[in-house]
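Novice: The structure that follows is given in the form of structure tokens.
The values are calculated or read from the model by the stated rules, or taken from the named source; none is laboratory data. These figures come from a predicted structure and were not determined experimentally. Neighbour counts run over all protein chains shown; Cβ positions are idealised from the backbone, glycine included.
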Ligand code: NI
């Protein structure tokens with residue numbers, strides 16, 4: 001499909017050393033694949049900052065289910081945003097705490113709004129949204145394994 005093109009990059013020695021340390025820590029076998037992943041990551045970030053861009057995301061929430069009215073508020077909000085929530089996974093972590101993972105899909109601004117609304121609920125101990133894009137696969141997500 002896509003063709004590999006070789007380029008030369010001038011880079012400070014110290015910056016390259018830091019980069020090598022980083023890619024070593026992340027178990028890359030060569031710099032090229034690490035460069036490609038960095039570029040893809042940056043392109044996806046660029047794409048997903050556009051409010052009207054279609055994105056997918058996962059939202060992870062940890063909360064104490066004993067917290068007053070939290071369960072009701074969580075369910076209420078999830079029904080309000082049902083069009084953006086594809087799936088949810090619930091794990092009872094221990095006696096008090098629950099973990100919930102929501103798969104979100106839709107416009108980037110809507111996905112962020114859903115995440116913000118849920119994370120900011122009183123009683124939610126920690127929440128984290130991870131956004132990616134399935135679009136523009138050619139430039140962004142086509143991994144070359146060679
Ligand atoms: Ni639970």
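Novice: Scan segment 60-72 and give yes if some residue there is at pLDDT 95 or above, under 30 Å from residue 36 (Cβ atoms) and either within 16 Å of the ligand (Cβ to nearest atom) or part of a loop (DSSP other than H, G, I, E, B) (or both), otherwise no.
Specialist: For segment 60-72, residues at pLDDT 95 or above, under 30 Å from residue 36 (Cβ atoms) and either within 16 Å of the ligand (Cβ to nearest atom) or part of a loop (DSSP other than H, G, I, E, B) (or both): present.
Novice: When you check residue 68 against the structure, is it surrounded by 11 or more Cβ atoms within 10 Å (Cβ to Cβ) and either farther than 18 Å from residue 120 by Cα or over 23 Å from the mean Cα position of the chain (by Cα) (or both), yes or no?
Specialist: no
Novice: Taking the residues in segment 17-48 that are free of Cβ contacts under 8 Å to residues at least 60 places away in the same chain and in contact with a helix residue (DSSP H, G or I) (Cβ under 7 Å, 6 or more places away or on another chain) as candidates, determine which candidate is surrounded by the fewest Cβ atoms within 10 Å (Cβ to Cβ).
Specialist: So the residue we want is 31.
Novice: If you take the residues of segment 86-99 that are assigned to a strand (DSSP E or B) and near the ligand (Cβ under 8 Å from one of its atoms), which of them is nearest to the chain's Cα centre (by Cα)?
Specialist: First, the residues of segment 86-99 that are assigned to a strand (DSSP E or B): 86-92, 97-99.
Filter again for near the ligand (Cβ under 8 Å from one of its atoms), leaving 90-92, 97-99.
On the way: 90: 19, 91: 20, 92: 23, 97: 23, 98: 21, 99: 17 Å.
If we take residues in segment 86-99 being assigned to a strand (DSSP E or B) and near the ligand (Cβ under 8 Å from one of its atoms), then 99 is nearest to the chain's Cα centre (by Cα).
Novice: Name, by its number, the condition in (1) out of contact with any strand residue (DSSP E or B) (no Cβ under 8 Å at 6 or more places or on another chain); (2) touching a residue at least 60 places away in the same chain (Cβ under 8 Å) that does not hold for residue 55.
Specialist: So the condition that residue 55 fails would be (1).
Novice: Quick one: how many residues across segment 100-118 are surrounded by fewer than 16 Cβ atoms within 10 Å (Cβ to Cβ) and either on the phi > 0 side of the Ramachandran plot or in contact with a strand residue (DSSP E or B) (Cβ under 7 Å, 6 or more places away or on another chain) (or both)?
Specialist: Within segment 100-118, the first condition is being surrounded by fewer than 16 Cβ atoms within 10 Å (Cβ to Cβ), and the residues that meet it are 101, 103, 107, 109, 113, 116-117.
Adding the requirement that they be either on the phi > 0 side of the Ramachandran plot or in contact with a strand residue (DSSP E or B) (Cβ under 7 Å, 6 or more places away or on another chain) (or both) leaves 101, 103, 107.
Final tally of qualifying residues: 3.
Novice: Conditions first: (1) in contact with a strand residue (DSSP E or B) (Cβ under 9 Å, 6 or more places away or on another chain); (2) loosely packed, with under 15 Cβ neighbours inside 10 Å; (3) modelled with pLDDT of 95 or more. Residue 14 passes all but one, so which condition is the exception?
Specialist: Every condition holds for residue 14 apart from (1).
Novice: Yes or no: residue 79 under 27 Å from residue 134 (Cα atoms) and surrounded by fewer than 10 Cβ atoms within 10 Å (Cβ to Cβ)?
Specialist: Against the criterion (under 27 Å from residue 134 (Cα atoms) and surrounded by fewer than 10 Cβ atoms within 10 Å (Cβ to Cβ)), residue 79 qualifies.
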